[in-house]
1. Within region B:47-99, how many residues are among the acidic types (D, E) and in a helix (DSSP H, G or I)?
2. Taking only pairs six or more apart or across chains, which ones have beta-carbon atoms under 7 Å, a first residue in region B:155-177 that is more than 14 Å from chain A (Cβ to nearest Cβ), and a second residue that is acidic (D, E) and crowded, with 24+ Cβ neighbours inside 10 Å?
3. Scan B:G306, B:G318 and give me the residue that is more than 14 Å from chain A (Cβ to nearest Cβ), in contact with a His (Cβ under 8 Å, 6 or more places away or on another chain) and either basic (K, R) or assigned to a loop (DSSP other than H, G, I, E, B) (or both).
4. Limited to region A:155-178, what total is found for residues that are within 14 Å of chain B (Cβ to nearest Cβ) and buried (at least 18 other Cβ atoms within 10 Å of the Cβ)?
5. Pick from B:G91, B:G110, B:G115: which is more than 23 Å from B:P293 (Cα to Cα), more than 14 Å from the chain's Cα centre (by Cα) and surrounded by 24 or more Cβ atoms within 10 Å (Cβ to Cβ)?
6. So which residues in region A:80-129 are outside any loop (DSSP other than H, G, I, E, B) and of a type in the set (G, A, S), if there are any at all?
7. In region B:161-212, what count of residues is obtained for those that are in a loop (DSSP other than H, G, I, E, B) and among the charged types (D, E, K, R)?
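Bear in mind that the values in this text are calculations on the coordinates, not laboratory data. A quick note: this is a predicted structure, and the numbers were derived from the prediction, not measured. Don't worry about glycine lacking a Cβ; one is built from the backbone with ideal geometry, like all the others, and counts go over all protein chains shown.
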Amino acid sequence: MTEEIIIAGFGGQGVLSMGKILAYSGIMEGKEVSWMPSYGPEMRGGTANVTVIVSDERVCSPIINAFDTAVILNQQSLDKFESKVKPGGYLLYDPNGITKKPTRTDIHIHTIEGAQLASDMGNSKVFNMIILGAFLKLRPIILDKNVEEGLRHSLPERAHKLIPLNMEAVKVGKDNVK
Amino acid sequence: MGELKLMKGNEALAEAAIRYGADAYFGYPITPQSEVIEYLSEQNPYERTGMVVLQAESELAAINMVYAAGAAGKRVMTSSSSPGVCLKQEGLAYIAGAEVPCVFADVVRGGPGLGTIQPSQADYFQNTKGGGNGDYRNIVLAPSSVQEMCDFVALGFDLAFKYRMAACILSDGAIGQMMEKVILPEQKARMTEEEIKAKYPWALTGRARGTQHRVITSLDLDSAKMEEHNRALQRKYKEVEANETRYEMINCEDAEYVFVAYGSSARIAQKSVQLGREAGLKVGLLRPITLWPYPTKAIDDLIKKGVKGFLSVELSCGQMIEDVRLACNGRVKAEHFGRVGGIIHTPEEVLEAMKKQIIGE
């Protein structure tokens, strides 16, 4: 099993940390992982993306051009990455702010109202965990208990009290992906 | 087994220095390696081991602090990225001349000049062929994973002290910025003053009454002595070449065509090998781990085993290809392929280049 994922959106949406939690969860699942960010002059409001690879084997190239799954959180990222999903792959996006919808017919396209659901939960910070939940519903590559373990390893100790809230957000994501 | 973590290459490099029992890190921030000094500052290793971390006022100051601490027999590291490493070349030439051990990491970005902050491998020449003045060499280690960013700190220090010379960890923005699984080694204790005195009689540890004073310098105005000093350096470098060449071969047993790539390009080329094998091509990968000393003999062996051509894959306009061609010595075809300016080649285009430039129609 090798799952090659791009997560892309605005800086500040938690794109990189969602990738990190996914990668740590992969380790807890006993997989090989890599996490490769677009780094540089990124700032709040700018674009940010990260490539995460979760595999049974040693990851060859952490930098890839075609993805099994694209998790898309803004229009620029949709424009950039829709064409880079492998045929038969998955595209998951939050329709909030999307004006030009994806048009491909050879991939699975799903939506998650992440921003809306986070606001319903009364905490905009769990947005990325809702998205992660939606992703894991579509691509069940990691068990929930390992996601929880991944959170424990990627969050600083002082934030561990927020793990139950984050796991609830994962569940909300799983229940609401369309 | 040590502690398992998910870390950036830059963070692994920094943590490895603490755990090796390094005495000091002197540096100056620059993208894409600022996480090294950021991580060290955050960890405050002075509390953990007594290791000193200092942000110098410039790269020049940092390398000269390294020169001084190394001369005192301390395990000292610095790091920077391409333009910053240019600034350090004067100090590195002095360090080579004075035979001071140290470790420096270069997390390469695109050039020339300020260039770009994106990954590049265009400082191969600078680090393997000199950069500073005089007939000198630095040991150059090329990590291609976060684990190796960690492991090569210990290896670098071991080699630097074994041969009293600088060991360079030549990385790039991709390896520095990516996160991977890493198994961290156990914490080692720093050497005590007594241990340094006993183990490194050359080190400047203070002069006891009635003993000869020790001098660490790159300067000698006596030409005869300077010639002998240079000859001695070259004998040392020959010994390093004979004993410390390291490389990895992947799918080379029956290979007809071989990619030669290090660092992040080696990761990409490994995928190209996989794609090529799936398409029925007998391709393999030679991954130099030491760029100096270069695995010339490994290329020679491959030619003797029947390899018909090599493609040197680098994020540069063609630097390592010169060493590949020297090793081939005209016997088989050797060409270069690489994207530059911060663009990273894909496994598909690397394989395509092998088909077009080496295998032919």
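1. Summing the residues that are among the acidic types (D, E) and in a helix (DSSP H, G or I) in region B:47-99 gives 3.
2. Cβ pairs passing all conditions: B:C168/B:D106; B:L170/B:D106.
3. The match here is B:G318.
4. So the count comes out to 1.
5. That would be B:G110, the only listed residue that is more than 23 Å from B:P293 (Cα to Cα), more than 14 Å from the chain's Cα centre (by Cα) and surrounded by 24 or more Cβ atoms within 10 Å (Cβ to Cβ).
6. A:S83, A:G88, A:G89, A:G114, A:A115, A:A118, A:S119, A:S124
7. 6
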